[in-house]
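These notes concern the structure reproduced below.
The values are calculated or read from the model by the stated rules, or taken from the named source; none is laboratory data. Treat the numbers as computed from the prediction; the structure is a model and nothing was measured. Here the Cβ positions follow ideal geometry from the backbone for every residue, glycine too, while neighbour counts run over all protein chains shown.
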Amino acid sequence: MRSRFSAFAVGDPAYLLRSWHPDTRPATLELDADTRWLWLEIVRTERGAERDTDGVVEFRAKYRVDAPEGRSSGVQHEISTFTRVDGAWVYVDGSA
């Protein structure tokens, strides 16, 4: 989860696509250049240890949007599911 947040923060859609489960991954991903991801708070985790094959991460991520029409900010709160594919953790989906 932290690596995916970092990829959003630095604008790395290629990493986001590589770390997305092939069954739920979009064909392309465009990041909003006006959005700045500021911090990540992990609220809770379930499973996801070394011997687990799946896991859940609940998080809050604060962002700021610097758009031509003005600045705004908010917090994305999500419960994300992850699974292992070929030994690597990948994002499956999330819900608010």
| Does at least one position in the range 62-74 carry a residue that is within 14 Å of the chain's Cα centre (by Cα) and under 16 Å from Ser95 (Cα atoms)? | no
| query | Among the numbered criteria (1) buried (at least 16 other Cβ atoms within 10 Å of the Cβ); (2) modelled with pLDDT under 95; (3) not polar (S, T, N, Q), which single criterion is violated by Arg51? | reply | (1)
| remark: All-but-one check, Ser6 against (1) without any contact (Cβ under 8 Å) to a residue 12 or more places away in the chain; (2) in contact with a strand residue (DSSP E or B) (Cβ under 7 Å, 6 or more places away or on another chain); (3) of a type in the set (S, T, N, Q), failing number (2)
| request: Give the number of residues within the range 56-70 that are of a type in the set (D, E, K, R) and modelled with pLDDT of 95 or more. | output: 4
| task | Filter the strands (runs of 3 or more DSSP E) completely within the range 23-96 down to those with at least 2 residues that are among the charged types (D, E, K, R) and closer than 17 Å to Arg2 by Cβ. | result | 35-47, 54-67, 70-85
